[in-house]
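A.B. asks: Mind looking over this structure? Questions follow.
The values are calculated or read from the model by the stated rules, or taken from the named source; none is laboratory data. The structure displayed is predicted, hence computed values, not measured ones. Cβ atoms come from the backbone with ideal geometry, glycine included; neighbour counts cover every protein chain shown.
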Amino acid sequence: MQIHKPSQLSLEKQYWLSLKNGNPDGLEMLYRLYSNPLYNYGSKFTADKDLIKECIQELFVNLWTRRTFISHPSDVKNYLFKSFRHSVFRKAALLQKNEEYQEAENYAFSVVLNMEDSIISAEQNEALKRRLEKAVSKLTDRQREAIFLKFNENLSYDEMADVMGISIKATYKIMARSLGFLREHLSSEDLAVLLSIFYLKLFD
């Protein structure tokens, strides 16, 4: 008896449906499946590694935070690549200079997560809050400020650059590093909750 393994096409549709149903594992599996191909695709348009990484991070953040509004595409891969391509072109067009950026400034910027209105249960609240705040606390002050401006104040990248007194390219680098760090140091479930908190603007 021959056993047929599910094709990538059928798997990605399963992951998409899982994502739409609010399962963070669906998002994580799509990220694992396509982050490297997207990076390779982006490198054909620009040599700016930070811009490529930020576009990838933003794509998957938007997938999670806007999952209830996004329809079921006929081809998940085409949808992701098209959205990513648009993001790369849009961000590249905003860049006016190709300047080197060093994240060297030290200053205090604290963010406290307010999870009283979040969707998690009271029993899980305190332990989860400690895990999330521990991860966020390991970001630099500038990274925390960038996340606050991006998610809480809903600023565009050029607006963030103006407020923070840095280049647009620098904001891409900061956000890419911030979201990449959080992805590496949190489980897919915890990351999904944190992204929901960012999206719902639950900050003190």
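A.B. asks: Give all pairs with beta carbons closer than 7 Å in which a residue from the range 3-21 that is in the same structural domain as PRO73 (by TED's automatic domain parsing) and of a type in the set (A, V, I, L, M, F, W, C) meets a residue that is part of a loop (DSSP other than H, G, I, E, B) and modelled with pLDDT of 85 or more; count only pairs at least 6 apart in sequence or on separate chains.
C.D. replies: Final answer for the pair search is TRP16/HIS72; LEU19/ARG67.
A.B. asks: Among the residues in the range 108-126, are any at pLDDT below 90 and within 21 Å of ILE56 (Cα to Cα)?
C.D. replies: no
A.B. asks: Residue check, ASP162 against (1) more than 17 Å from GLU54 (Cβ to Cβ); (2) in contact with a helix residue (DSSP H, G or I) (Cβ under 6 Å, 6 or more places away or on another chain); (3) among the acidic types (Asp, Glu), all met but one. Which one?
C.D. replies: The number of the failed condition is (2).
Here is a yes/no grid of residues against (1) under 17 Å from the mean Cα position of the chain (by Cα); (2) under 22 Å from ILE174 (Cα atoms); (3) assigned to a helix (DSSP H, G or I):
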residue: ASP25; (1), (2), (3): yes, no, yes
residue: ASN36; (1), (2), (3): yes, yes, yes
residue: TYR39; (1), (2), (3): yes, yes, yes
residue: THR46; (1), (2), (3): no, yes, no
residue: ASN62; (1), (2), (3): yes, yes, yes
residue: ILE70; (1), (2), (3): yes, no, no
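A.B. asks: Checking the structure you have, find out if any residue of the range 150-160 is at pLDDT below 85, over 15 Å from the mean Cα position of the chain (by Cα) and more than 19 Å from SER87 (Cα to Cα).
C.D. replies: The answer is yes, given that some residue of the range 150-160 is at pLDDT below 85, over 15 Å from the mean Cα position of the chain (by Cα) and more than 19 Å from SER87 (Cα to Cα).
A.B. asks: Still on this model: Tell me which residues, restricted to the range 188-204, are within 12 Å of VAL61 (Cα to Cα) and at pLDDT below 70.
C.D. replies: TYR199, the sole residue that qualifies.
A.B. asks: Answer yes or no as to whether LYS53 is charged (D, E, K, R), assigned to a helix (DSSP H, G or I) and modelled with pLDDT under 90.
C.D. replies: It is false that LYS53 is charged (D, E, K, R), assigned to a helix (DSSP H, G or I) and modelled with pLDDT under 90.
A.B. asks: Taking only the range 137-163 into account, find how many residues are closer than 20 Å to ALA93 by Cβ and not acidic (Asp, Glu).
C.D. replies: Residues that pass the stated criteria total 6.
A.B. asks: What is the one condition in (1) in a helix (DSSP H, G or I); (2) in contact (Cβ under 8 Å) with a residue 12 or more places away in the chain that ILE166 does not satisfy?
C.D. replies: Of everything listed in (1) in a helix (DSSP H, G or I); (2) in contact (Cβ under 8 Å) with a residue 12 or more places away in the chain, ILE166 misses just condition (1).
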